[in-house]
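Remarks on the structure that follows.
The values are calculated or read from the model by the stated rules, or taken from the named source; none is laboratory data. What you see is a predicted model; the values in this text were computed from it and never measured. Note that each Cβ is placed from the backbone with ideal geometry, even for glycine, and that neighbours are counted across all protein chains shown.
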Amino acid sequence: MLLLFFSFFLINALHAQENSFEEIAVFNEFKNYKIKEISQDASNNIWLATNKGVLKFDGLSIKQYDIQIGKSSEKVNTILVKNDSLFIGKNNSLHLKTRQQLLTFDTKAIHKIFSYNNKYFIASNQGILYFNKTLLEPLKTTYKLDFSSINDLIFYKGTYVIASNTGLWILSDLFQPKKIDLIQKGNYTSLLQIENKLFVVKNNSEIQELNDKNVLLEKYSKNEISSISNINNKLYVVSKNDGIDVLNYTTFIFEKRINKYNSNLNSNTITAVFEDAEKNILIATEKKLYIKKKSEIIGKPTLNISDVTVNYISVDTINVNSYNNVLQLKPSQNNISFSLQSTSINNAKNIEFRYQLKNQFSPWGTNNQVNFASLEPGKYHFIAESRFKNSKKINSKTFSFLIATPIYKKIWFLVLCGVLFCLLLAGIIEVYIQKIHKKNQQKIAALKLENHLRSLEQKALQLQMNPHFIFNVLNGIKALGNSGNKEDLNTTISQFSILLRSILNNSRLEEISLKEEIETIENYLSLEQKMSSKKFDFSIETNLHNMDAEEILIPPMLLQPFVENAIKHGISKIGSEGKVQILFTVKHRFLECTVTDNGIGVFQSQKETKNHSSVALKITKERIENLSKFSTFSVEEIKKEKAISGTKVWFKIPLKTDY
């Protein structure tokens, strides 16, 4: 009776002990999903290989990691997560998913993906395959092994141990093996290393240990063994329909059995058993997923930067968590966001974060998204930290990036701009000085021209009235007075006074009307006719194209030197009656003036008289030419039958009117 009571108490105690397994409720959303294998990555995320694809569990939620490639089977046999690479082995294909790409290889059923020394080997129904970057190459070892179904492989004590449907093999190398040993024939399905011991499953019914002499020792027998696992330094033997046997792996003493009768598991059909980094135990049945959490929190939560976006575009060309360089960004790429991921299966709800970019850390909080807008150019070190609430154990992650300085803010550019500005300023000052200098030169030239013109005008005025002519007029007036011819006397005095008055008045003006100029010349010629000993006739004609002579402006006494020269030095030397003709013509916006006489010729006259005539002509010529750059002056002798018959003085000046 006492023994029965003790047995009942022991059974209840064992039952109560295994009630610590809790159902993971979020897995209930995935009905008809059967877990084949459980794995974990470096960030503590749990990965589930199921008959309908891959699931990811972060302690709070389960998300489907869906990869649909053509007609490939959804059933996943095995998975391997390494760094940012996810290998997915199916019945007829192998997938490799990274940040940058997705590769798919057609192959026969894959049972195990094994990584050693940064090399990846695939155990499949067509032997051992080697994953070489973007190729999947069959390895040639020995004929029988190459055509076997490889169930598992492991690197153990310097050799490769291979479990296949043809037996247990040991190879010195997988590429060019120098030694290949078949340890024992049979169907070997699983390999498990615990410390320095290697256990193998034969024919799904027997657990053997491989000793140092490569001899297999039988350790434990059970029908329909599906897998063996090392859970908390205990050997968990999973059978197809009889739950889990927990053994001491050194003595193989049976310690307990976990099934639906002594726990809250819903079934004895166990599909996968796994112990995570936090020492939590996960058990998958046909339809459920359970967890037995470690009572104490071990260590600190993992921390990863799951995503970095620059101007709202994800940076997927680098592995952010293993990137040791400084990310180079353009000046415009100054909006940066960081997504933080900290995973704990045991204590997922009590994780908090903080970060630092410049001077000090932000307060601790649960927000795992950090945004920085419109950052200034410069080098930045982003530091993120995570912890369990109120814990002193902190995990940290650092990421460095550099926002380039815009070219317009760089020192060399500013110096260059300063130099160019100085050169430009110097150029502007130089141009301004040159402009002022040119203006001054123009003013000086204008003053010189004005002075020269005034000098010419003064000389012209000095030469306009020959003193001998005035003397003759006065003598003529005296003679008329003595002769008592009052009428001629009055007329002569009146003409002479008008001529003197017009010369004096016009000498003060820069321009007079053509009519006034004609009147002055006509008075002068009339007096010359009366006083000159040489008889001559004169005419003054105009061809102004319907313009009034009063409207046309001309410098005063411009023709007088030519008229005087024609009378005194031209017609005075000939025997016949002299003629002086004056013509004013308006043509093409110019006023043309012509003085013609029938004298001895200008050049002959200059030979005989070198003073007044030549100086008067020279001064008047300069005066005309300085009126405008378009003014023209010419003097030529008139010839008839090779004999000189007179002189023609012609010039044109721009037409100027008073309106």
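Some observations on this one:
- Flag if I207 is in a strand (DSSP E or B) and under 60 Å from the mean Cα position of the chain (by Cα): no
- Count - residues of the stretch 305-330 that are closer than 25 Å to K409 by Cα and either in contact with a helix residue (DSSP H, G or I) (Cβ under 8 Å, 6 or more places away or on another chain) or at pLDDT below 90 (or both): 0
- The residues of the stretch 160-184 that are within 57 Å of the chain's Cα centre (by Cα), surrounded by fewer than 18 Cβ atoms within 10 Å (Cβ to Cβ), closer than 25 Å to I79 by Cα and not acidic (D, E) amount to a single one, F175.
- Residue list for the stretch 376-392, restricted to those being hydroxyl-bearing (S, T, Y) and crowded, with 21+ Cβ neighbours inside 10 Å: S386
- Pair list, Cβ < 6 Å and 6+ apart or interchain, from the stretch 177-205 residues that are farther than 18 Å from K240 by Cβ to residues that are part of a loop (DSSP other than H, G, I, E, B): P177/T141; K178/S172; K179/S172; I180/T142; I183/N214; G186/N203; I194/Y249
- Elements of the type strands (runs of 3 or more DSSP E) sitting completely within the stretch 239-338 and holding at least 1 residues that are in contact (Cβ under 8 Å) with a residue 40 or more places away in the chain, more than 24 Å from A384 (Cβ to Cβ) and touching a Phe, Trp or Tyr at 6+ places or on another chain (Cβ under 9 Å): these cover 254-258, 270-275, 281-285, 289-292.
- Within the stretch 46-65, restricting attention to residues that are touching a residue at least 60 places away in the same chain (Cβ under 8 Å) and surrounded by fewer than 21 Cβ atoms within 10 Å (Cβ to Cβ), the residue that is farthest from S115 (Cα to Cα) is L60.
- All conditions but one from (1) in contact (Cβ under 8 Å) with a residue 60 or more places away in the chain; (2) surrounded by fewer than 20 Cβ atoms within 10 Å (Cβ to Cβ); (3) acidic (D, E) apply to D548; the one that does not is (1).
- Pairs, first closer than 11 Å to Y188 by Cα in the stretch 144-157, second in a loop (DSSP other than H, G, I, E, B) and small (G, A, S), C-beta under 8 Å, six or more apart: S149/A109
- For the stretch 216-238, a tally of residues being assigned to a loop (DSSP other than H, G, I, E, B) and within 15 Å of Y188 (Cα to Cα) returns 3.
- Meets criteria (within 24 Å of I62 (Cβ to Cβ), modelled with pLDDT of 95 or more and buried (at least 20 other Cβ atoms within 10 Å of the Cβ)) for L265: no
- The stretch 519-540, residues that are in contact (Cβ under 8 Å) with a residue 24 or more places away in the chain, assigned to a helix (DSSP H, G or I) and not basic (K, R): T520, I521, N523, Y524, L525, S526, L527, E528, M531
- Scanning the stretch 3-45 for residues that are modelled with pLDDT under 90 and touching a helix residue (DSSP H, G or I) at 6+ places or on another chain (Cβ under 8 Å) yields nothing.
- Matching residues, the stretch 507-527, being basic (K, R) and modelled with pLDDT of 90 or more: K515
- Members of the stretch 354-368 found to be surrounded by 12 or more Cβ atoms within 10 Å (Cβ to Cβ) and part of a strand (DSSP E or B), listed by number: R354, Y355, Q356
- Those residues of the stretch 373-432 which are over 30 Å from T302 (Cβ atoms), modelled with pLDDT under 90 and either more than 29 Å from the chain's Cα centre (by Cα) or polar (S, T, N, Q) (or both), in sequence order: T405
- Cβ-Cβ contacts under 7 Å between residues 6 or more apart (or on different chains), taken from a first residue in the stretch 388-417 that is assigned by TED's automatic domain parsing to the domain that holds Q333 and among the basic types (K, R) to a second residue that is at pLDDT below 90 and not in a strand (DSSP E or B), are listed as K393/G299; K393/K300; K397/N321.
- Any hit, the stretch 505-514, residues being within 28 Å of G599 (Cα to Cα), aliphatic (A, V, I, L, M), touching a residue at least 24 places away in the same chain (Cβ under 8 Å) and part of a strand (DSSP E or B): no
- Strands (runs of 3 or more DSSP E) completely within the stretch 71-133 that count 2 or more residues being aromatic (F, W, Y) and surrounded by 15 or more Cβ atoms within 10 Å (Cβ to Cβ): 119-124, 127-132
- Look at (1) loosely packed, with under 13 Cβ neighbours inside 10 Å; (2) touching a helix residue (DSSP H, G or I) at 6+ places or on another chain (Cβ under 7 Å) and you find that L447 fails only one, number (2).
- Number of the condition not met by N371 [criteria: (1) assigned to a strand (DSSP E or B); (2) surrounded by 14 or more Cβ atoms within 10 Å (Cβ to Cβ)]: (2)
- Filter result (at pLDDT below 90 and not in a loop (DSSP other than H, G, I, E, B)) within the stretch 54-68: Q64, Y65
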